[in-house]
Amino acid sequence: MNKKISSAAADTLRQLDIHLNPVWQLGRNAILAWTPVKGGIKALVVPVRELLRHLSVQPDLLHGSRYTEEPRFSELCYNVGIEPIELTFSLRIGPQDNAVPWQTVEGIIRRYSISETLYRGVLLFDIVGFSKLTSIQQIGQLNSLEYCINAAHRRMQDWGMPVELARSTTGDGFYVWNRSVGAVAEISLLILLLMVLAENELDRSQDRHGLVPLLRSAFSVGRHYAYYQIEGLSPRGYDYIVGDVTITLARLMQKVAPGQILVGAFERPIRDGGEMVSTPGFVAQADKYVQKLIGREFSGFSISEVSLVLTGSREQGYDRYLIDDKHGQEHVAYNAAARLYRGGRVPILLGLSPS
């Protein structure tokens with residue numbers, strides 16, 4: 001349970017934000033690491049261009065949190081050749097009473113930093129034929145898709161499957177990810193994909209004015225960098241991601257047919273320090289998890305049966321696509337399909353079966 005922060009501590013955290021903003025220099029610099037000291041913090045502030053050059057010899061430099069204990073903090077300062085700065089204010093950091101947890105300070109520090117995540121699930125929704133729509137239809141279809149995302153988010157919260165949802169627009173769709181990390185967080189995101197598509201399908205069945213989109217979608221797991229874009233002269237309060245996983249999804253989307261769901265080829269540990277699992281194993285785990293939806297209410301009816309599979313089979317081979325991008329790199333994707341039954345109602349079919 002998160003510790004409640006006193007009004008005095010909250011005011012001090014706002015002062016920390018004010019101290020960090022000039023050090024950040026409108027995005028020229030980033031905070032690589034910080035550590036608490038009596039009456040404040042020490043921060044290792046590095047020009048972003050120099051920081052990115054260091055990544056070629058220290059590829060793990062941006063992994064994990066920016067909070068660092070001694071002597072690791074001093075080691076980082078030595079490795080990048082920069083003296084830390086000290087910010088002094090009346091802020092006690094730690095687990096003691098009347099102190100602020102380091103995780104709370106970290107939340108502010110990260111707005112002025114860049115971080116790398118090795119494994120994160122990300123969705124990409126794309127509206128088919130978006131550029132050919134009228135401006136009214138474009139607004140209507142984007143609004144409809146965003147509503148479906150919000151409705152799925154709320155539904156999963158009500159079901160006790162919370163997703164800490166984040167998104168960024170692509171213009172004709174959205175990247176969507178779970179700010180929580182781990183295999184369960186990614187499985188939850190995959191379930192959210194099904195709920196978004198199911199909601200959209202129900203809306204499409206009643207659409208008479210072209211205001212509900214025909215979607216194509218993709219899911220993958222991979223590494224990425226996160227940073228905070230500027231709003232006004234300060235970082236926004238939410239992050240933006242870019243990296244291998246978003247690039248992979250954009251490449252997959254070049255081959256996704258209307259109504260289709262593609263899942264990228266990836267490997268990730270099924271739990272921290274555990275064995276690696278590939279896409280087929282991950283989807284099989286997700287299908288077991290998705291059985292928790294049975295008995296849940298969806299659009300006025302109880303879910304009686306649900307399934308999520310990769311088409312094809314382990315014995316005969318799963319249906320796969322090889323996608324070459326303009327840089328000569330090859331991306332592998334699997335075709336996914338799902339069925340959602342609601343009592344005696346016509347089932348909601350998601351995805352496509354290859355011809």
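The values are calculated or read from the model by the stated rules, or taken from the named source; none is laboratory data. Just so it is clear, the model here is predicted, and its values are computed rather than measured. Because the Cβ atoms are built from the backbone with ideal geometry, glycine has one as well, and the counts that use them run over all protein chains shown.
A compact table of results
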item	result
Tally, over the stretch 293-311, of residues that are under 20 Å from residue 121 (Cα atoms) and either in contact (Cβ under 8 Å) with a residue 60 or more places away in the chain or assigned to a loop (DSSP other than H, G, I, E, B) (or both)	1
Selected residue (only one of 283, 290, 346 is outside any helix (DSSP H, G or I) and either out of contact with any Asp or Glu (no Cβ under 6 Å at 6 or more places or on another chain) or more than 26 Å from residue 156 (Cβ to Cβ) (or both))	346
Per-region count, the stretch 187-207, residues over 14 Å from residue 124 (Cβ atoms) and outside any loop (DSSP other than H, G, I, E, B)	12
Some residue of the stretch 330-338 being touching a Pro at 6+ places or on another chain (Cβ under 7 Å), in the same structural domain as residue 199 (by TED's automatic domain parsing) and within 23 Å of residue 198 (Cα to Cα)	yes
Residues of the stretch 208-233 that turn out to be under 26 Å from residue 143 (Cα atoms), in a strand (DSSP E or B) and at pLDDT 95 or above, as a count	6
Residue, farthest from the chain's Cα centre (by Cα), within the stretch 308-335, restricted to residues that are polar (S, T, N, Q) and surrounded by fewer than 13 Cβ atoms within 10 Å (Cβ to Cβ)	316
Matching residues, the stretch 302-327, being farther than 18 Å from residue 352 by Cβ, modelled with pLDDT of 90 or more and not aliphatic (A, V, I, L, M)	302, 304, 305
Residues located in the stretch 330-355, provided they are over 30 Å from residue 204 (Cα atoms) and free of Cβ contacts under 8 Å to residues at least 40 places away in the same chain	330
Test: residue in the stretch 336-346 that is in contact with a helix residue (DSSP H, G or I) (Cβ under 7 Å, 6 or more places away or on another chain) and surrounded by fewer than 14 Cβ atoms within 10 Å (Cβ to Cβ)	no
The listed residue being in contact (Cβ under 8 Å) with a residue 60 or more places away in the chain, surrounded by 14 or more Cβ atoms within 10 Å (Cβ to Cβ) and under 25 Å from residue 225 (Cβ atoms), out of 113, 65	113
